[in-house]
Each structure stands twice: as C-alpha cells, then as structure tokens.
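Everything below concerns the one structure shown next.
The values are calculated or read from the model by the stated rules, or taken from the named source; none is laboratory data. Predicted model, so just to flag it, every value in this text is computed and none were measured. Positions of Cβ are generated from backbone atoms using ideal geometry, with glycine treated the same way; all protein chains shown enter the neighbour counts. Note: accessible area is taken over every heavy atom of the protein model, side chains too, but ligands, DNA and RNA are not part of it. Shrake-Rupley method; radii C 1.70, N 1.55, O 1.52, S 1.80 Å.
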Amino acid sequence: MRLFYMSKLIGFNSPSYRVGWKSQQTQEARFNALFAIGNLKGKSILDLGCGLGCFYGYIKELGWKGEYTGMDVLDMMVNGARDRFPGVAFEKRNILLDPPDRQWDYVFISGIFNHKVKDNWTWIENIIRSCLKLSRWGVAFNLLESQSQEDDSDAGFFYAKRTDLEQKASLWSGGNYKIISGYLPDDMTAYLYHREGLRHE
C-alpha cells in the first residue's frame, strides 16, 4: 500500500490523482456520499486515512464549520496535508496500535478499504469497531462494490458484495445502519449510527 501511494505522489500533481482516485469528480462523488450521513453543522470530524486532506478541502468549500482532525499512517500524506492546509490538525497515527484517548462526533473513512490485504473483512471490522468507539454519533465509510467475477479477481483492489456489507453493517451497528449506492457505478457507502433515530435525521 505504501508503494502504491508513493508512486502516485511522485507521478502526479493533482491531489486527487496523488491519493489514488481516477479523477477529482469520482473522489468528490464519494465525499458527497459520506457527507450525507447527517447534519454535520458544528460537529467534530475525524477523517481517517486523510491522505492529502482532500476531504477537508471539499467540506470547507461547502461552507462546513466545525472541528476537523485528519489522521493517516503515512508520513508523506500527513506532511503533504499540513503543507496544503497550514494550521489544520493532521497527525500520523495507526488507531489499531495507538488508539486516541478522545472521541469525535463522526468518523469518516474514504478509500482505504479499496486495497486488497491478507484478510480484508477482518481488517475492515477491526478498524470499524475501533472507529465506533471513537465516534459519538456515527461512522461513514465507502467500499468498492462487486458487480462481476472480473471485479473479484482484480489482484490489487478489494470489491465487496452488497449482501456481505449489509450483514456486517447490521452486526456492527446493532441494526442502526444505512447503505447508499448509485452515485458511482462501482461504489457504495455505509452509515453506522449509535442509535436508531439518527439514520432518519
């Protein structure tokens, strides 16, 4: 994963390409889906896997005001984000090895689950359960959606079946979840809430 992002940082100038997205438009479509989890006005946000701070830049353009923290496991991403947005809270941290001792209202995760690892669902579950502990209201994250056997055989990327995500999201959230799709051909976003009423707000 480190090599993947290093090659993007060296090879491209656009922030969206440098963090691995096909275009700024697809990146922002995913951001828009995440942002729709609820009313975020004045809320505190943790952007996990923040990369170069693109999500922060996007929500600030929308006029969002609140407390933002970006975290990433890669030095090169955190340093790049700090250069782009001086004074904004970006830090290098692996929450599984060094969990923060505070909470945010919402935790957002965009793109980090797209990469194939040894056991994707175990890795995803460990991160999501940690993020649920770090959030007061909820967690939003996206996944590539499997549409064909060709997707499943892709050596570099992890495509999830919607039925699997439905089952796991229900388990992780105690049934307080929502999954949206249709904003891009091969993507889906899950909202996990801490109480049932929040998903209707």
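Scanning region 156-188 for residues that are of a type in the set (S, T, N, Q) and farther than 17 Å from I128 by Cα yields T163, S181. For region 42-89, residues that are farther than 21 Å from R102 by Cβ and touching a helix residue (DSSP H, G or I) at 6+ places or on another chain (Cβ under 8 Å) total 11.
Filtering region 101-118 to residues that are open to solvent by less than 60 Å² (accessible area, probe 1.4 Å) and either of a type in the set (D, E, K, R) or touching a strand residue (DSSP E or B) at 6+ places or on another chain (Cβ under 8 Å) (or both) leaves W104, D105, Y106, V107, F108, I109, S110, G111, I112, F113, N114, H115. For region 95-139, a residue qualifies if it is more than 20 Å from K41 (Cβ to Cβ) and among the acidic types (D, E), and the qualifying residues are D98, D101, D119, E125. Tell me yes or no: at least one residue of region 45-65 is small (G, A, S), within 24 Å of I179 (Cβ to Cβ) and in contact (Cβ under 8 Å) with a residue 40 or more places away in the chain. Yes, because at least one residue in region 45-65 is small (G, A, S), within 24 Å of I179 (Cβ to Cβ) and in contact (Cβ under 8 Å) with a residue 40 or more places away in the chain. Which residues, taken from region 79-100, are open to solvent by 90 Å² or more (accessible area, probe 1.4 Å), among the charged types (D, E, K, R) and either without any contact (Cβ under 8 Å) to a residue 40 or more places away in the chain or touching an Asp or Glu at 6+ places or on another chain (Cβ under 6 Å) (or both)? Residues satisfying the conditions are R82, D83, K92. Across region 146-153, a minimum of one residue is classified as under 16 Å from A190 (Cα atoms) and either open to solvent by less than 50 Å² (accessible area, probe 1.4 Å) or not aliphatic (A, V, I, L, M) (or both).
Within region 171-186, can one find any residue that is of a type in the set (V, I, T) and open to solvent by less than 50 Å² (accessible area, probe 1.4 Å)? Yes; the residues of region 171-186 include at least one that is of a type in the set (V, I, T) and open to solvent by less than 50 Å² (accessible area, probe 1.4 Å). I'd like the residue in region 65-78 that is open to solvent by less than 80 Å² (accessible area, probe 1.4 Å) and of a type in the set (D, E, K, R) and, out of all such residues, is farthest from the chain's Cα centre (by Cα). The qualifying residue farthest from the chain's Cα centre (by Cα) is D75.
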